[in-house]
Amino acid sequence: LKEVSQHTNSHEATFEQICEYAKQQLEIIHKWASEMVAFKSLSCNDQKALLTSSAPEILVFSICCFSVQNKCGPDNLLLDKALVISRTNRQFEAAIRNIVSFIIDTIVDPLKEILSDRYELSRLRRIILFNATAKTTHQILNDGKEVKSIRRTEHLLLQKYTDTVPGRMGELMLLLPPLTIAGNLFVEHLHLEKLVGDTFDNLVAAELLLAMGNG
């Protein structure tokens with residue numbers, strides 16, 4: 001595949017396109033989480049808290065994984081195969097360009113070196129989701145112990161899978177701190193906080209009503 005920076009059909013995403021992309025991804029994240037037995041066993045309050053807290057990180061992680069898998073150019077993040085966010089794009093303020101640079105340097109480039117497979121990336125997403133100690137969740141979870149137990153299981157599964165390669169588990173876990181920073185900055189500077197909150201409020205409420213109707 002050619003790098004997106006050399007692809008004639010690629011173009012810079014506008015603010016509106018990024019917001020629409022984020023909304024679609026939030027719905028995908030909700031659907032993905034809702035298909036997990038462990039997630040569905042939690043209360044609606046805990047589901048919404050975990051989704052709202054982890055969504056910024058999972059959103060950025062998804063962009064990074066897609067960029068790596070599709071051999072995106074060295075200065076770009078790939079939203080879809082023809083839509084990029086560039087660290088050189090002057091339509092965005094310097095702060096946003098700096099965030100894009102941070103994401104590329106601390107997450108995309110290491111992912112290219114690590115060459116993670118789908119199983120590892122899936123386990124990492126689950127570890128991000130089931131974070132009972134995040135600043136925005138640890139005080140409002142009804143069953144923080146259960147969430148910690150689920151996350152511990154995900155850690156153990158990833159550790160067992162990577163045991164044959166010394167240091168690989170450490171390399172993967174080192175992606176989490178910059179993901180937390182990048183997720184929060186991405187959502188804050190693109191003013192997506194309300195979108196995240198409203199999307200999960202609506203999706204979880206709709207799911208609850210559906211369950212009540214079927215009961």
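Using alpha-carbon positions, what is the distance between the centroids of the range 115-177 and the range 16-58, in Å? Comparing the Cα centres of the range 115-177 and the range 16-58, I get a distance of 16 Å. Computed with a 1.4 Å probe over protein heavy atoms only, the accessible area of ILE140 comes to about 90 Å². Counting only protein heavy atoms and a 1.4 Å probe, the range 48-120 has 40 square angstrom of accessible area per residue.
Got a number for carbon plus sulfur as a percent of the range 75-191's accessible area, 1.4 Å probe?
Numbers: 3260 of 6230 Å².
Carbon and sulfur together cover 52 percent of it.
On full extension, the segment bounded by LYS194 and MET173 gains 4.7 nm, given 0.36 nm per residue less the C-alpha separation.
Let a ≥ b ≥ c be the square roots of the eigenvalues of the Cα gyration tensor of the range 127-178; is it rounded (a/c under 1.5), or, if not, prolate (a/b larger than b/c) or oblate? Oblate, since a/c reaches 1.5 and b/c is not below a/b. Partners of LYS145 within straight-line reach, counting lysines whose Cα lies under 30 Å from its Cα and excluding those fewer than 8 residues away in the same chain: LYS31, LYS40, LYS48, LYS135, LYS160, LYS194.
The values are calculated or read from the model by the stated rules, or taken from the named source; none is laboratory data. Values in this document were obtained by computation on a predicted structure and should not be read as measured data. Just the protein is used for accessible areas: all its heavy atoms, side chains included, with ligands, DNA and RNA removed. Shrake-Rupley method; radii C 1.70, N 1.55, O 1.52, S 1.80 Å.
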